[in-house]
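Beneath this line is the structure, given in structure tokens, with notes to follow.
Only the coordinates and a few stated rules stand behind these numbers; no lab work does. Note that the coordinates shown come from a computational prediction; the quantities given were computed from them, not determined experimentally. Cβ coordinates were reconstructed from backbone atoms using ideal geometry, including for glycine residues, and neighbour counts include every protein chain displayed.
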Amino acid sequence: MTSAADEHRRVAGVFTERVRGVSPQAWDKPAPCQGWVARDLVRHLVEWFPGFLKSGAGVDLPKGPPVDDDPVAAWTVHSDAVQALLDDPATADKTLSNPHIGEIPLDQAVDRFYTTDVFLHTWDLARATAQDERLDPGKCAQLLEGMLPLDDLLRKSGQYGPKVAVPESADVQTRLLAFIGRSP
């Protein structure tokens, strides 16, 4: 089993490759998330998570430049800060408290909610900016297996769109993306 720090390093590393691969004119290309452009994917990740950490665990992450000014630097500062948090041995003793999920170890909260979000938005960024859209099939299978029993809860959260119909023979990445409301 991989640690939360190792999993973030791997998943964020792939997202970082996609961020660095975006041409300057592609930041305003439409993303698969309705009403968003490529830049908004980075904005989403660097803006929602610091508040989640601050309110649930009292952790302040350093801020980079605004996403509108420099999405690559904004992502890099953010991603490096999350990695430093996960690599810090003191994190193992911290918990995150949230009224919707209760209290869980901080590293598990990061892995479950944030690293998963980064993984899923990797495809969105790749699709929006015409880059390699392949995701790790093992991670896709793991996430799909964990999400299937939570279908109603996930839909009610508003975080995922309606499922998209795909053939039963579709590969696991296609089934995962369709499950979360993307049209692969």
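So here's what we get for this one:
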{"read-out": "Karplus (6.51, -1.76, 1.60) ³J(HN,Hα), θ = phi - 60°, over the range 28-44, in Hz, Gly and Pro reported as x", "value": "9, 6, x, 9, x, 7, 3, x, 9, 10, 3, 4, 5, 5, 5, 4, 4"}
{"read-out": "Highest-first arrangement of 65-72, 8-15, where packing means the average Cβ count within 10 Å", "value": "8-15, 65-72"}
{"read-out": "Cross-link partners of Lys163 among lysines (Cα-Cα below 23 Å; sequence separation of 8 or more within a chain)", "value": "Lys139"}
{"read-out": "Relative packing of peptides 48-60, 119-131 - highest average C-beta neighbours within 10 Å first", "value": "119-131, 48-60"}
{"read-out": "Of [x] 54, 33, 11; [y] 45, 16, 12; [z] 25, 22, 15, the label for semi-axes √(5λ) of the Cα gyration tensor in Å derived from the coordinates", "value": "[z]"}
{"read-out": "³J(HN,Hα), Karplus 6.51/-1.76/1.60, whole Hz, each residue of the range 3-11, x for Gly, Pro", "value": "6, 4, 5, 5, 5, 5, 4, 5, 5"}
{"read-out": "Karplus (6.51, -1.76, 1.60) ³J(HN,Hα), θ = phi - 60°, over the range 98-108, in Hz, Gly and Pro reported as x", "value": "9, x, 8, 10, x, 9, 9, x, 4, 4, 5"}
{"read-out": "For Val37, distant residues with modelled amide H under 5 Å away", "value": "Ala31"}
{"read-out": "Amide hydrogen neighbours beyond the local backbone of Leu96, cut-off 5 Å, H modeled", "value": "Ile104, Leu106"}
